[in-house]
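Asks: First, the structure itself, so that you have it in front of you.
The values are calculated or read from the model by the stated rules, or taken from the named source; none is laboratory data. Source: prediction; values computed, not measured. As a convention, Cβ positions derive from the backbone with ideal geometry for all residues, glycine included, and neighbour counts pool all protein chains shown. The protein model used for the area step is the full one, side chains on, heavy atoms only, and it has no ligands, DNA or RNA in it. Shrake-Rupley method; radii C 1.70, N 1.55, O 1.52, S 1.80 Å.
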Amino acid sequence: MLASEPASARAVANADRSFFGHPRGLGMLFMTEMWERFSYYGMRALLVLYLVNALKWDKASAANLYGTYTMLVYLTPLIGGYIADRFIGTHRSLLIGGLIIASGHFVLAFPGMTAFYSGLGLVVIGTGFFKANVSTMVGQLYEKGDTRRDAGFTFFYMGINTGGFLGPIVCGYFAQSDQFGWHWGFAAAGVGMLAGLLMYSLGKNTYLAGIGDAPTAVSRAADATKASIADDASTRNGIIGAVAGAAVAWFLSGSLLGVLVGTIIGAALAITILGTQGEERKRVIALFIVAFFVVFFWAAFEQAGSSMSLFADKFTDLHLGSFAIPSTWMQSVNSLFIIIFAPVFAALWLALGKRKSEPSTPLKMAIGLTFIGLGFLFLVIGGGRADTGIKVSPLWLIGAFLFHTFGELCLSPVGLSYVTRVAPARFASLMMGVWFLANAVANKLAGLLAGYTPLPGEAPATLQTGIGGWVQQMSATNHGFFMIFVVTSFIAAVAMLLCVPLLRRLTRTVNV
Ligand code: GLN
């Protein structure tokens with residue numbers, strides 16, 4: 001840029017240090033994501049218990065729907081990311097998404113199964129437009145190489161969890177209280193999302209000028225030929241990948257949902273890997289390897305809203321004197337710990353960084369996988385006591401959530417930051433979508449596994465074979481069921497640890 005040229009709005013935002021040393025837009029994005037997560041986690045806290053307790057669904061159907069819903073919620077951001085990168089920009093995408101999410105929660109507030117499924121569908125579509133893009137906008141606040149980026153993401157992550165903390169408390173209170181009921185809980189989630197949207201719309205021009213704009217005609221025309229060749233190639237690659245992915249998925253799973261996931265994974269792989277070369281391509285490959293490993297983390301972690309929620313409801317003594325804590329509130333514990341410990345971990349990374357001994361991002365992730373496995377050991381023990389027929393102390397769940405939080409802090413905020421550094425700029429939102437794609441697959445897996453949650457007074461089921469049989473045998477008791485996650489997390493941790501040198505080589509140009 002020439003010295004006489006006025007600085008672009010984006011450059012001004014990048015240089016801003018007026019919000020605790022960060023661009024002011026960070027506070028805005030904190031609040032916006034806080035409200036969106038308020039609605040998401042508020043509603044998620046109700047979902048399985050609503051199905052099992054109010055609609056009398058069996059646990060496997062409930063966990064299955066939970067898995068499919070949470071899978072789709074994390075699958076659509078990939079599509080939303082792509083649309084934002086190519087056409088409408090992250091800002092407009094976020095507005096559209098927020099409106100659709102809010103309407104979804106309001107539709108859920110009406111009784112009846114049509115409203116129920118439509119509401120879930122709207123939240124899924126809306127989250128597609130919203131979720132990856134808000135994280136990408138955080139990345140856009142910082143220039144390449146800006147050392148404030150990780151701290152920015154940690155702060156943003158506290159916003160996510162402030163919403164994650166308040167959502168279950170407020171929505172759970174309405175849902176599980178005698179005066180109100182489940183549908184009030186769902187409506188409360190919608191109100192939260194609307195609040196966030198309103199605030200964002202009022203503040204965007206002031207706090208986020210130049211961030212999240214659509215790719216303009218000017219920016220496209222600047223390199224029209226190159227762009228159109230790239231676009232054509234991208235579309236062709238995407239189609240090839242989608243067809244190949246669909247075919248493989250049909251062969252492996254034989255289900256429509258599987259084909260949907262396969263199509264998306266195939267397209268994402270082809271667009272990004274075929275659309276890059278040299279060091280960029282290596283970085284994209286690294287991201288896919290990391291995405292594979294984090295599936296094991298989230299599949300364990302996401303038990304929070306399903307099997308751990310049922311454990312809280314059915315096997316935990318939640319009486320505090322004469323006050324019965326609503327079981328949905330237990331889902332706030334993780335978020336509360338995140339708010340407390342996020343700054344501690346951020347400071348720890350900084351301190352280690354100063355001594356030149358900060359672990360690399362992939363190593364942190366392997367540590368994260370270890371922590372989540374350790375967390376489940378609490379439930380292996382607590383679950384074992386519950387198996388004797390007593391209701392156990394909530395401390396078992398709280399201990400598990402504490403270690404899950406440590407794990408999450410080693411893997412999730414650093415993961416978001418990793419994506420924004422490793423992804424080639426033109427695929428920024430798409431690759432953020434890939435990060436959430438790993439969540440999507442994990443959530444489905446989490447739901448399938450949670451379908452085996454042991455519940456009080458159940459008749460033993462007929463025995464399956466293969467992995468299903470092993471899971472089923474383990475799930476005869478709480479002790480065994482939670483052990484599944486100890487085993488899978490530890491295996492994934494060791495495997496990831498072995499891949500750290502390779503991953504570091506693949507990303508050596510960005511030093512993560
Ligand atoms: N709790 C974080 C969020 O809601 C991470 C969740 C996830 O990636 N599964 O964004």
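Asks: Sequence neighbours fewer than 8 away in the same chain don't count; with that in mind, list the lysines whose C-alpha is under 27 Å from residue 282.
Replies: 131, 144, 226, 356, 364
Asks: Please give the per residue volume of the convex hull enclosing the alpha carbon atoms of segment 59-137, rounded to a whole number of Å³.
Replies: Taking the convex hull of the Cα positions in segment 59-137, it is 77 Å³ per residue.
Asks: Applying 1/(1 + (r/R0)^6) with R0 = 35 Å to the Cβ-Cβ distance of residue 459 and residue 491, what FRET efficiency is obtained, to the nearest 0.05?
Replies: 0.65
Asks: At a 1.4 Å probe, what is the % contribution of carbon and sulfur to the accessible area of segment 285-410?
Replies: 74
Asks: Note the full-extension length gain between residue 425 and residue 325 as 0.36 nm times their separation in residues minus their Cα-Cα distance, in nm to one decimal.
Replies: Working: separation 100, 0.36 × 100 = 36.00 nm, distance 4.68 nm.
The residue 425-residue 325 span can extend by a further 31.3 nm.
Asks: As an exercise, take the mean of 1/r over every pair of distinct alpha carbons in segment 104-259, invert it, and state the Kirkwood radius in angstroms. All intermediate terms of the calculation are to be shown ahead of the outcome.
Replies: Numbers: mean 1/r = 0.0507 Å⁻¹.
One over the average 1/r among Cα pairs gives 19.7 Å for segment 104-259.
Asks: Same structure, new question: Quick check: net charge around residue 314, other residues with Cβ under 13 Å of its Cβ, Lys/Arg +1 and Asp/Glu -1?
Replies: Values: positive: 59, 391; negative: 313, 317, 387, 458.
It works out to a net charge of -2.
Asks: Share of Cα-Cα pairs in the chain beyond 37 Å, in percent?
Replies: Of the Cα pairs, 26 percent sit more than 37 Å apart.
Asks: Under a plain spin-label model, where a point goes 7 Å from the Cα along Cα-to-Cβ, how far apart in nm are residue 179 and residue 340?
Replies: 3.1
Asks: Given R₀ = 30 Å, FRET efficiency for residue 248-residue 20 by Cβ-Cβ distance, to 0.05?
Replies: Working from the Cβ atoms, E equals 0.05.
Asks: Can you tell me the order of 408-420, 13-25 when each peptide is scored by its average per-residue count of other Cβ atoms within 10 angstrom, highest first?
Replies: Descending packing order for the listed peptides: 408-420, 13-25.
Asks: Separation between the residue 354 and residue 8 pseudo-spin-labels, each 7 Å from Cα along Cα→Cβ, expressed in nm?
Replies: In this crude spin-label approximation the distance works out to 3.6 nm.
Asks: Then there is this: Between segment 321-352 and segment 268-285, what's the alpha-carbon centroid distance in Å?
Replies: Segment 321-352 and segment 268-285 have Cα centres separated by 37 Å.
Asks: Could you work out the helix-only [θ] at 222 nm for the chain, with each DSSP H run of four or more residues adding -39,500 (n - 2.57) and the total divided by the number of residues, to the nearest 500 deg cm²/dmol?
Replies: Computed mean residue ellipticity for the chain: -25500 deg cm²/dmol.
Asks: Just tell me, in residue order, which DSSP H segments of the chain are both 30 angstrom or longer along the helix axis (alpha-carbon based) and at least 1.6 in mean Kyte-Doolittle hydropathy.
Replies: Qualifying helices, which must be both long enough and hydrophobic enough, are 333-354, 478-506.
Asks: Let me ask something else about it. Please work out the FRET efficiency for the pair residue 86 and residue 388, using the Cβ-Cβ distance as r and a Förster radius of 51 Å; give the result to the nearest 0.05. If you can, show how the numbers build up before the last one.
Replies: Working: r = 58 Å, r/R0 = 1.13.
E between residue 86 and residue 388, to the nearest 0.05, is 0.30.
Asks: Over the chain, give the accessible area per residue in Å² for a 1.4 Å probe, as an integer.
Replies: The answer is 41 Å² per residue.
Asks: Same structure, new question: In Å³ and rounded to a whole number, note down the convex hull volume per residue for the Cα atoms of segment 362-506.
Replies: With only Cα atoms used, segment 362-506 gives 116 Å³ per residue.
Asks: Given Cα pairs under 8 Å that are at least 6 residues apart, what percent is the relative contact order of segment 1-102?
Replies: Values: 28 pairs, mean separation 11.3, N = 102.
The value is 11 percent.
Asks: I've got another one for you. Relative contact order for segment 351-472 using alpha-carbon pairs under 8 Å, separation at least 6, rounded to a whole percent?
Replies: 22
Asks: Working only with C-alpha atoms, what are the Rg and Dmax values of segment 1-158, expressed in angstrom?
Replies: 18.8, 69
Asks: Contact order normalised by length for the chain, with contacts defined as Cα pairs under 8 Å and 6 or more residues apart; what percent is it?
Replies: Details: 873 pairs, mean separation 117.4, N = 512.
Here the relative contact order equals 23 percent.
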